[in-house]
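**Q** Can you keep this structure in mind? I'll have questions shortly.
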Amino acid sequence: MGFLGVRTILTHPKYVGCAVFGQVSKKLHTSTVKVPKSEWALRPGAFEPLVDPATFAEAQKVLGQYRCQRTDEELLDDLRRLFASEGRLSYTAIKNSPDVMTPGTYSKRFGGLRNAYKLIGYGHSYRLGGPDTRLRTMALRKELISQIVAMFPNDVSLVRPGVHWRSRLRVFNRITVSVLIVRSALVYKTTRRWIVEPVRHERKFITLLARLDESNRAIVDLHVFPTSIALMHPTK
């Protein structure tokens with residue numbers, strides 16, 4: 001059992017025999033939100049308690065003096081491990097993980113979850129990289145497309161629907177192929193991932209995916225998928 005599971009046992013009024021109502025709130029067409037404990041509706045003596053009120057009260061007193069003893073780097077390592085296992089980070093993922101401190105702990109320690117994300121390289125800057133990285137990736141994509149067209153001049157052509165659209169491949173003058181360059185990212189110690197973000201207007205096309213090496217300066221391999229939607233919802 002993780003830290004959060006233990007903390008729930010030590011702090012939830014149900015263990016002292018209280019029926020608890022109104023822990024969450026949900027309005028029509030909105031997400032469920034947690035209600036502060038101070039606003040919960042309690043009915044003491046609703047069932048037989050597992051602990052007596054005096055013991056429960058003492059536990060709350062001790063927990064009120066508790067402070068997270070983990071260092072900043074340990075907290076960030078926990079986030080890296082969660083990202084390595086889940087492939088993404090969010091308030092809900094952190095809250096539901098038994099091995100990671102609460103989102104509130106990260107907000108207090110780092111001034112917000114977004115700042116904690118930045119410290120481990122996750123977030124908008126994680127996905128896009130700096131301007132030099134983006135330009136280098138665009139150049140690699142352009143070079144790959146040019147090489148493919150040069151290798152199969154009778155079967156493959158370059159198409160671009162408009163000035164604001166990305167170039168694509170056209171095979172046999174009837175099959176459109178989306179070309180994705182996927183950068184490598186070290187998410188935790190030796191754990192490396194390639195995060196795929198398909199282009200919205202190209203998700204229904206056959207997709208040629210090119211993975212970059214650890215330095216994100218060269219293509220290491222190519223993969224073909226029936227559509228880029230398959231990359232987002234892979235089958236086992």
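The values are calculated or read from the model by the stated rules, or taken from the named source; none is laboratory data. Values in this document were obtained by computation on a predicted structure and should not be read as measured data. Note that each Cβ is placed from the backbone with ideal geometry, even for glycine, and that neighbours are counted across all protein chains shown. Quick note on the areas: whole protein, heavy atoms, side chains included, nothing else; ligands and nucleic acids left out. Shrake-Rupley method; radii C 1.70, N 1.55, O 1.52, S 1.80 Å.
**Q** Out of everything in the stretch 88-100 that is outside any helix (DSSP H, G or I) and either touching a strand residue (DSSP E or B) at 6+ places or on another chain (Cβ under 7 Å) or of a type in the set (S, T, N, Q) (or both), what residue ends up being farthest from ILE120 (Cα to Cα)?
**A** The residue in question is SER97.
**Q** Out of contact with any Cys (no Cβ under 8 Å at 6 or more places or on another chain), of a type outside the set (Lys, Arg), farther than 30 Å from LEU76 by Cα and surrounded by 12 or more Cβ atoms within 10 Å (Cβ to Cβ): does that describe SER184?
**A** Considered against the rule, which asks whether it is out of contact with any Cys (no Cβ under 8 Å at 6 or more places or on another chain), of a type outside the set (Lys, Arg), farther than 30 Å from LEU76 by Cα and surrounded by 12 or more Cβ atoms within 10 Å (Cβ to Cβ), SER184 comes out as no.
**Q** Give the residue that is modelled with the highest pLDDT, with candidates limited to residues of the stretch 163-220 that are part of a loop (DSSP other than H, G, I, E, B) and either of a type in the set (Lys, Arg) or in contact with a Phe, Trp or Tyr (Cβ under 7 Å, 6 or more places away or on another chain) (or both).
**A** Filtering first and then ranking leaves ARG174.
**Q** Which residues, taken from the stretch 87-109, are buried (at least 16 other Cβ atoms within 10 Å of the Cβ) and more than 12 Å from LEU75 (Cα to Cα)?
**A** LEU89, ALA93, SER97
**Q** Further, regarding this structure: Which numbered condition in (1) within 30 Å of ALA218 (Cα to Cα); (2) touching a strand residue (DSSP E or B) at 6+ places or on another chain (Cβ under 7 Å); (3) at pLDDT 85 or above is the only one that ARG43 fails?
**A** Only one criterion in (1) within 30 Å of ALA218 (Cα to Cα); (2) touching a strand residue (DSSP E or B) at 6+ places or on another chain (Cβ under 7 Å); (3) at pLDDT 85 or above is unmet by ARG43, namely (1).
**Q** Restricting to the stretch 104-149, count the residues that are part of a helix (DSSP H, G or I), at pLDDT 80 or above and not polar (S, T, N, Q).
**A** 22
**Q** If a residue must be modelled with pLDDT of 85 or more and within 22 Å of TYR188 (Cβ to Cβ), how many such residues does the stretch 55-73 contain?
**A** The total comes to 2.
**Q** Among the residues of the stretch 37-58, what is the count of those that are under 24 Å from TYR91 (Cβ atoms), open to solvent by 70 Å² or more (accessible area, probe 1.4 Å) and not basic (Lys, Arg)?
**A** Total satisfying the criteria: 2.
**Q** Related question: Hey, THR235 hits all of (1) out of contact with any helix residue (DSSP H, G or I) (no Cβ under 8 Å at 6 or more places or on another chain); (2) of a type in the set (Val, Ile, Thr); (3) at pLDDT 85 or above but one; which does it fall short on?
**A** (3)
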